[in-house]
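Presented below is the structure to which this report refers.
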Amino acid sequence: MASARSDSKTEAKDTAPLRALICDDDEAVCDNLRELLEGEGFIVEQAATSAETLAKAQASGDERPDVILLDVHMDLNGVDVLKQLRDRGIETPIIMMTAVAPGATAAEAIQNGAVDYLVKPFDDLEAVARLVSRAVAYERLKQAGPEAQFLSLHVDPRERIVGASPQMVEVFKLVGKVARTPTTVLITGETGTGKELISEAIHSSSDRRNGPLIKINCAAMPESLLESMLFGHEKGAFTGALNQHKGLFEVANRGTILLDEIGEMSMSLQAKLLRVLQDHQFERVGGTEPVKVDVRVLAATNRDLKTEVRERRFREDLFYRLDVMEAHMPPLRERKEDIPLLTIHFLEKHRYSPRSPAAHINLAAVDKLTDYDWPGNVRELENVIQRAVVLSQGQVITEEHISFSGAFSRPLIDVEQRVRDGATLEDLVNEVRREAVNAALRINNNNATKAAEALSMPIAELERVAEIKASVEIHG
């Protein structure tokens, strides 16, 4: 269970037991949730009517709940109760519960301030507990305020994917919908966004979780070796093939296989993969007997496969077989509200020594992290935090410990991909100019005069380019 702590005036509240209010007139539902949440350390109260809900939700001091689970159907419509609570200034995170397909009701609840919704009956109680804990942790992080010098969030080690932004909530919901189906999923997103972690989440939540999860990077080996790795080979199929060898598809039988960097696979191997997806069988290299397998296929790529299809570098029929459901991992620059949670998650993960407590970080350092564009995404953030923990010797991380030097060792613009997308030379030059201005401002702590001097350009031009960049970031 995740919980937030602060070395501020709110310390007493933060270290007190968390309180949950369950609002439902179904005793069986209340009993199940009470047992679950008390096992997670919550003090649990119940409300069977809307009037009781409103009264207990507005309790003062330590009696006020940290999270509310509110049924849609009581004596009043649950969404109406939600609106009344928000109108009265109650900002407690509220999770709606419904026994029917959520549909428009869930959308209305989210629009009126609910953090999420649950569908009864609850098939996965661990998922319910994680949702409740995440809602509480994020709310406490938001309430820490500028007077809090340091923040520390203790995250459940089972949580490998962290995020509470709307984009990540949608990803989590998609994982929940597709995990227990045999559907092929195409996981897209830039390098470092966490595509491999999503594949793990899908597998671990599926009916195949007791089977193997096999991962292979299609860009990491030549075509002939990749074919043998995937499909195996018969004895004598080629020089050095002294014995029959089972491929990864056979090893992954009754499990899941992740084909990472699928866009790098050759056209000939794509044809063989297509047959596996269609017929669930293949021949080993050098063999003639079909091998039948029951494997769920997940594919990941940082390329735009639609463009690859148009350029005839990727088979159209295979693309449609893979793109049954797409899980898109947003870049970190588009979900900056997740940076504080991710930061604290990595502080828990990367301690100065095995016996050290998690390092703290001050708000100025968090601001520095959120002002950065993160071309390397979550993977780069983890590296920056790990380096800061070492530099601070596991104590208090300040802005002086935050360094982005590793980001400049690689290009920020994928020129080849931009040209494929139709960008002109003028477009590319303007993008480089904007990135250079952004880098100069970052290096010089947003001092426009020093940044202009560093780039040998008039300050008026630098400010114009910086304003254009800000406009692009705001309006997309």
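Bear in mind these aren't lab numbers, they're just calculated from the coordinates by the rules spelled out. All values reported here derive from a predicted model rather than from experimental measurement. When we count neighbours, we look across all protein chains shown, and the Cβ atoms used for this are built from the backbone with ideal geometry, even at glycine.
Quick notes on this one:
- Think of the stretch 168-328 as a dipole: +1 on every Lys or Arg Cβ, -1 on every Asp or Glu Cβ, centred on the Cα centre; then among Leu225, Leu273, Gly176, Gly176 lies furthest on the positive end.
- Rounded to 5, percent antiparallel among DSSP beta bridges of the stretch 168-328: 15
- Given (i) -0.35, -0.78, -1.08, -1.29; (ii) -0.29, -0.63, -0.91, -1.20; (iii) -0.32, -0.70, -1.00, -1.29, the label whose value is log10 I(q)/I(0) by the Debye sum over Cα atoms at q = 0.06, 0.09, 0.11, 0.13 Å⁻¹ derived from this model: (i)
- Helical contribution to [θ] at 222 nm, DSSP H n ≥ 4, -39,500 (n - 2.57), averaged over the chain, rounded to 500: -13000 deg cm²/dmol
- Placing unit charges on each Cβ (+1 for Lys and Arg, -1 for Asp and Glu) gives the stretch 168-328 a dipole about its Cα centre, and among Gly189, Ala252, Gly236 the Cα reaching farthest toward its positive end belongs to Ala252.
- For the chain, the Cβ-based charge dipole about the Cα centre amounts to some 1240 debye (Lys, Arg positive; Asp, Glu negative; other atoms uncharged).
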